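Everything below concerns the one structure shown next.
What follows is calculated from the coordinates using simple rules that are stated; it is not laboratory data. Just so it is clear, the model here is predicted, and its values are computed rather than measured. Here the Cβ is made from the backbone with ideal geometry for all residues, glycine too, and neighbour counts use every protein chain on show.
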Amino acid sequence: MFNLKIDPKLPHHYIISVGVKSMTDKDPGKFFLKHGPLYFSNDDVKNVQNAAILSKDKLFKTKQKKALEIFECLDLTASISAMKLASAAKQCTMHHFSSEHFIEDSWFETLVKVANTSEHNRELLKQSVMR
């Protein structure tokens, strides 16, 4: 999140985790929404970036947790970290989306479900993978 580029035209951000059903499941190979969406805004990204700068400041030494508390983004970073760990444990991919408008949670469920049959939706998922 520290290096996430923000665009004033796309102030809404979402992170989801997508899994693939195993060969022992009823629908092997199908995509499914595992976690999310986790919503945050451009202001949240700026706060995390500012907290990172403060935590690395040599003049005003501040622990990372304290810096995150000062900029009121500790919960967001903890949620992203937890999603990252859970996704890795379950061999899921994480995806980031930015939008001009607020998006309902159900849109992401539909996006992932339709990606099982739609090349367009599958490509959206490929392009949004977080590395």
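Annotations for the structure displayed:
- Exceeding the 24 Å Cα-Cα cut-off - candidates 9/65; 30/84; 34/56; 30/126; 63/84; 56/126: 9/65; 34/56; 56/126
- Only one residue of 116, 28, 106 has its Cα farthest out toward the positive end of the dipole of the chain, where Lys and Arg carry +1 and Asp and Glu -1 on Cβ, and that residue is 28.
- The chain: angle of helix 105-114 to the longest principal axis, Cα-based, in degrees nearest 10: 40 degrees
- Between helix 74-89 and the chain: long-axis angle, C-alpha atoms, 0 to 90°, nearest 10: 40 degrees
- Applying both filters, DSSP loop and at most 16 other Cβ atoms within 10 Å, to the trypsin sites (Lys or Arg not before Pro) of the range 30-62 gives 30, 58, 61.
- Footprinting exposure proxy for 131, 122 (fewest neighbouring C-beta atoms within 10 Å first): 131, 122
- Each of 16, 80, 53 was scored by other Cβ atoms within 10 Å of its Cβ. Arranged with the fewest first, they read 53, 80, 16.
- Amide hydrogen neighbours beyond the local backbone of residue 12, cut-off 5 Å, H modeled: 99
- Karplus-derived HN-Hα couplings along the range 47-59 (A = 6.51, B = -1.76, C = 1.60, θ = phi - 60°), whole Hz, x at Gly and Pro: 5, 5, 5, 5, 5, 5, 5, 4, 5, 9, 5, 7, 7
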